[in-house]
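Each value in this text was obtained by applying a stated rule to the coordinates, not by laboratory testing. Because the structure is a prediction, the values reported are computed rather than measured. Backbone-built Cβ (ideal geometry, glycine too); neighbour counts: all protein chains shown.
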Amino acid sequence: MDFLSKILAAKRAEVAETKRRFPLDGLIARLERRDAARGFCRALSKPGVQVIAEIKRASPSKGDLRLDLDPAALARVYEAGGAACLSVLTEPAFFKGSLADFTAARDAVSLPVLRKDFILEPYQVFETAAAGADAMLLILRCVTEAEASELLRLALALGLDVLVECYGADDARRIPAVFAGIPPETLREHIAVGINNRDLSTFQTEVSHAATVAKGLPDGLTVVALSGIGGVGDVRTLQTLGINRFLVGEALVRSADAAGTLREWRGPLAPGVKICGIRYPETAAYCVNRGAGALGAVFYPPSPRYVAPVVARAIFEEVPENVARVGVFVNPQLDAVLETARIARLTTVQLHGAETPATMRAVADAGYRVVKAVKSADEAVSLPPFVGALLECSRGTLPGGNGASWNWAEAKPLSAQRPIAVAGGLTPENLACAAAASGAAALDVSSGAESSPGVKDRAKIASFLASAAGLQTGRFWL
């Protein structure tokens with residue numbers, strides 16, 4: 001008998017005993033006192049790396065992990081580290097969890113909480129809702145297609161979000177039938193699909209498995225990678241493959257600094273890379289999900305990438321705090337810079353004209369990081385020490401790199417003196433060469449990620465950021 005069969009046999013016996021001790025009528029009565037749901041899927045929908053941090057005491061494959069953990073204390077640590085949601089194991093025989101663990105964890109934080117167990121029949125859905133869960137796990141390998149459809153719809157009717165777990169292509173092919181008839185807005189707002197990197201029959205794990213299976217899923221689903229995420233390298237590998245939501249248990253439970261681990265994982269894949277000329281919130285979200293460390297909005301009206309300050313504010317609305325929000329200006333009045341920065345909620349002001357040191361100082365004193373674009377190393381040397389230097393190509397009719405490549409090695413001597421960014425002619429193909437030749441701490445791309453002036457190309461963005469993933473860029477823009 002494989003692992004899963006043993007677990008399910010024990011679960012059926014456990015549920016039969018629970019039903020005898022706690023009849024369904026009592027669970028239904030408790031539903032009236034249930035707290036408002038906290039929005040599990042809504043929390044996962046935000047741009048950037050989102051982690052469902054799991055509380056588990058043991059597992060069949062690894063044995064005891066941390067039997068003496070305090071679920072409330074660990075939940076607070078996860079919340080402090082920026083977890084999007086919690087997952088609490090409640091299966092007692094193999095994972096040594098309980099609904100008491102679930103209640104203690106949920107009562108300790110404001111995060112949405114998933115009940116993670118092996119749900120086989122409607123009674124357990126009522127039990128999950130009555131326990132105050134915000135979401136429920138539904139494992140497709142544990143039930144028939146008809147049973148999955150029934151359990152899913154009951155969960156939604158009771159106000160639960162659902163994380164539907166699949167493993168391989170066979171499970172993925174069942175998803176359209178299980179989801180048939182569910183309105184698109186319900187799928188988007190209340191259902192996520194978890195792809196398990198671990199085969200529940202053998203408990204063997206392959207980290208990139210989730211990305212492979214995700215390619216066969218219908219478009220528009222929220223996808224979460226489950227199991228086998230052991231460190232930041234695994235997170236980055238999957239992020240380059242287009243997955244940025246993760247459920248992680250063992251690595252966090254064993255971590256001596258779970259909050260710090262979460263913060264590291266949630267950082268951008270390419271912290272020193274700025275995608276400039278963003279015009280739409282959807283593009284901003286895509287860039288963040290693919291790992292951009294900074295986004296740029298252009299406030300220079302002649303540019304095809306120009307946006308108004310109120311539009312920039314909408315673009316940046318859901319951008320995480322660890323991603324820089326950069327405004328690009330050309331010879332502006334100081335009052336206009338500060339007002340635009342306030343409206344758009346910028347973190348960084350990038351200046352491309354003949355701005356004076358006094359203007360730069362005033363912007364910095366107002367609380368913004370200041371970056372000044374220059375055409376030569378000599379100009380950069382004269383910048384005040386609190387100003388970041390962006391060395392760009394000097395050809396073109398508009399301020400900026402104008403898509404023209406240049407001899408990046410010209411920047412190398414300057415990079416030995418101070419952290420610099422470079423711009424001009426950067427593409428996924430020449431990115432590594434440009435970074436190595438220039439010694440740049442940061443990179444600024446605009447036209448290299450476009451199909452035409454002002455029109456961002458998602459395939460190019462993904463390729464650019466994947467190419468940047470291995471580069472040693474820093475937090476230049478923040």
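Brief remarks follow.
- Gyration tensor verdict on the chain (Cα atoms; rounded if a/c is under 1.5, prolate if a/b is larger than b/c, oblate otherwise): prolate
- Sites Asn430 and Asp35, calculated FRET efficiency, Cβ-Cβ separation with R0 51 Å, nearest 0.05: 0.40
- Once the C-beta distance of Ala13 and Glu282 is scaled by a Förster radius of 45 Å, the resulting FRET efficiency is 0.40 to the nearest 0.05.
- Residue-span extension gain [Asp378 to Arg153] - 0.36 nm each, minus C-alpha spacing: 74.4 nm
- Local electrostatic count, Thr347, Cβ distance below 10 Å [Lys/Arg +1, Asp/Glu -1]: +2
- Tensor-based shape of the range 109-199 (alpha-carbon gyration tensor, a/c under 1.5 rounded, otherwise prolate or oblate): rounded
- Under a model in which nothing but the beta-carbon of Lys, Arg (+1) and Asp, Glu (-1) is charged, the chain shows a dipole of about 440 debye around its Cα centre.
- Residue-count net charge about Pro281 - beta-carbon cut-off 9 Å; Lys, Arg +1, Asp, Glu -1: -3
- Counted over the range 270-468, the DSSP beta bridges are approximately 5% antiparallel.
- Contact order relative to length of the chain, as percent, for alpha carbon pairs under 8 angstrom and 6 or more apart: 12 percent
- Estimated inter-spin distance, Arg418 and Asp68, nm [label 7 Å along Cα→Cβ]: 5.3 nm
- Charge tally for Cys41 (other residues, Cβ to Cβ under 12 Å; Lys, Arg +1; Asp, Glu -1): +1.
- Relative protection proxy for 107-116, 48-57, 452-461, 217-226, from highest mean packing down: 48-57, 107-116, 217-226, 452-461 (other beta-carbon atoms within 10 angstrom).
- Sequence-distant contacts, meaning Cα pairs under 8 Å at least 6 residues apart, place the relative contact order of the range 128-213 at 28 percent.
- Ala146/Thr186 FRET efficiency (R0 25 Å; Cβ-Cβ; nearest 0.05): 0.80
- Fraction of beta bridges assigned by DSSP in the chain that are antiparallel (%, nearest 5): 5 percent
- Relative contact order %, the range 6-145, counting alpha carbon pairs below 8 Å whose residues are six or more apart: 27 percent
- In terms of distances greater than 29 angstrom between alpha carbons, the cross-link table entries Lys11/Lys215; Lys372/Lys412; Lys6/Lys56; Lys46/Lys456 yield Lys11/Lys215.
- Placed amide H near Val371: partners under 5 Å, 5+ positions off or other chain: Val349, Gln350, Leu351, Gly388
- The shape of the range 3-266 comes out rounded: with a ≥ b ≥ c from the C-alpha gyration tensor, a/c is under 1.5.
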